[in-house]
Every structure is written in structure tokens, then in C-alpha cells.
Amino acid sequence: MWDQRYANDEFVYGTEPNSFLAEHAHLLKGPVLSLAEGEGRNAVYLASLGLDVLGVDSSSVGLAKAQRLAASRGLAIRTEIADLAEYNPPAGEFGAVVSIFAHLPSAVRRRLYPLVERSLKPGGVLLLEAYSQAQLARDTGGPKDADMLLTTADIASAFPQCQTILCQQIEREVLEGAYHTGLASVVQFIARKNG
Ligand SMILES: C[S@@+](CC[C@H](N)C(=O)[O-])C[C@H]1O[C@@H](n2cnc3c(N)ncnc32)[C@H](O)[C@@H]1O
């Protein structure tokens, strides 16, 4: 499905970074692991700030576009094709992990999130934005499956070795390409791993 969505020259989520990420990028240190990176807009932005970024996604088509976007700006990013249902990030490796609209089934999240927490260095930061379950009632983006949508309660309890910096559900305009098209309900989460 994702390879098909990405199989044209257009960047379906645009080439500008997610605005929540851009607003809080000053909190992030490298290396950065970006989950479900897609076509590279966020990894390329972080690379433009001088950060070493590894973008992981199951779509080879998306990651090929990510590499082209980076090259077009004279930047380098690392990419890895992997299914997050099976991915094992290295322990203690990352200064930050970023998860932007990485909508996964709850069973996949239950396996992945402890590994994500383990992959952070002490003091490393996790930054996540995703559509909330309230987004089911809207047609401005996101999966039509409650199991793939988040609540603040889910996310607040998923990273017990981290101190929460921000955990909120808000409505905001998400205008990020052809599939994220307006007022939306999102969960935003930032936490720092205990030192
Ligand atoms: C809504 S897009 C978001 C892309 C990017 N994070 C952004 O904000 O532009 C969701 C991404 O999740 C990826 N994805 C979905 N399920 C995945 C899985 N099981 N493993 C790895 N990537 C997955 C898709 O390939 C797609 O690139």
C-alpha cells in the first residue's frame, strides 16, 4: 500500500518537516532514529540541523525518495528498510527517537516501544506525534482503525524509564501534503530517558 502511495514524483506528505517536530527539534541530539520515515521530509530537516539521522520504514519506494530529497539538498541521511513489527533497534544508541504519524497496530506498538526506550541513550529524547482516537470522527487524515490511533493514556504509560516533558491531545491544523488536510485531533508526546 505504501509503495503504491509513494510511487510517483510528488511527495505526498510534502517536503517540509512536521511542524511539531520543527518546533521542538532543539531538544534533540543525534544520532536520531526516525520511525516510519516515509519520503524523508523529517530526516532531511534534521540532517539540515547537523544531526546524524537513521530513517527506518518498510517502504523501499519511500526511502529511495528520501535519499533523493537529501541528495537534492546536498545532505546525507541513513535509511534502513525494515518492518517495525520485527525491527530491533540497537540498545543505548540514539540521542533521540522521532515518531511522526507512525501509525501501527497496538500489538506492534507493545513490542516496539520497549525496544525504542531501550535504544535511547540516558538523557535521550523521544518525540512523537500521531492522530488520536478522536480523529476517527474526522476525514482530515489518519487510519480509519481505532487500534492504530493513540490516546494520551496509552502513550504516557508506554515509556516507564522516561520522564514526560509533554503529553497532550490537541486539535490543530495539520496541512502536510495530500493526505493530512486540515483540522485534526493529535496526540503529542515528548519524554526524556532517565540518566
Ligand atoms: C503516514 S506515513 C508518515 C511518514 C512520515 N513519518 C511523515 O510524517 O512524513 C506512515 C509511514 O509508516 C510506514 N509504515 C507503516 N507500517 C509500517 C511498518 N510495519 N514498518 C515500517 N514502516 C511502516 C509507511 O511506509 C509510511 O511511510
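A short reminder: the numbers here are calculations on the coordinates, not readings from a lab. Treat the numbers as computed from the prediction; the structure is a model and nothing was measured. When we count neighbours, we look across all protein chains shown, and the Cβ atoms used for this are built from the backbone with ideal geometry, even at glycine.
Under 14 Å from the Cβ of LEU166, count the other residues' Cβ atoms, weight Lys and Arg +1, Asp and Glu -1, and hand me the total.
Values: positive: ARG172, ARG192; negative: GLU23, GLU129.
Computed value for this residue: 0.
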Using the Cα atoms as the points, what is the convex hull volume per residue of region 149-193 in Å³? 78
Arrange the following residues from fewest to most other Cβ atoms within 10 Å of their Cβ: SER106, SER132. SER106, SER132
Looking at region 110-195, which chymotrypsin sites (Phe, Trp or Tyr not before Pro) are in a loop (DSSP not H, G, I, E or B) and have at most 16 other Cβ atoms within 10 Å? TYR179
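Under the rule that an exposed site lies in a DSSP loop and has at most 16 other Cβ atoms within 10 Å, name the longest stretch of the chain with no trypsin sites (Lys or Arg not before Pro) of that kind, not counting the sites themselves.
Details: sites that count: LYS29, ARG73, ARG138, LYS144.
Excluding the exposed sites themselves, the longest stretch runs over 74-137.
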Hz values of 3J(HN,Hα) by residue in region 102-107 - Karplus curve (6.51, -1.76, 1.60), Gly and Pro given as x: 8, 7, 10, x, 4, 5
What is the pair-distance distribution P(r) of region 31-117, computed from all Cα-Cα distances in 10 Å bins starting at 0, with each bin given as a whole percent? 19, 52, 26, 3
Select from region 6-112 those GluC sites (Glu not before Pro) which occupy a DSSP coil region and have at most 16 other Cβ atoms within 10 Å, ordered by residue number. GLU10, GLU86, GLU93
Sorted by chain and number, the residues with a modelled amide H under 5 Å from that of CYS162, at a separation of 5 or more or across chains, are ASN194
If the elastic network links every pair of Cα atoms under 10 Å, which of ASN42, ASN88, ASN18 fluctuates the most in the Gaussian network model of the chain? ASN88
If you scale each eigenvalue of the Cα gyration tensor by 5 and take the root, what three semi-axes come out for the chain, rounded to whole angstrom and sorted largest first? 22, 21, 16
Around GLY62: net Lys/Arg minus Asp/Glu count, Cβ-Cβ under 10 Å: -2
Hey, what do the phi angles of region 49-60 turn into as Karplus ³J(HN,Hα) couplings, whole Hz, using 6.51/-1.76/1.60 and θ = phi - 60°, x for Gly and Pro? 8, x, 8, 7, 10, 10, x, 10, 7, 7, 8, 5
Can you list the HN-Hα couplings for region 114-128, worked out from phi with the Karplus curve (6.51, -1.76, 1.60; θ = phi - 60°), rounded to whole Hz and with x for Gly and Pro? x, 6, 5, 4, 5, 6, 7, 6, x, x, x, 10, 9, 10, 9
Antiparallel bridge percentage (DSSP; both residues within the chain; nearest 5): 50
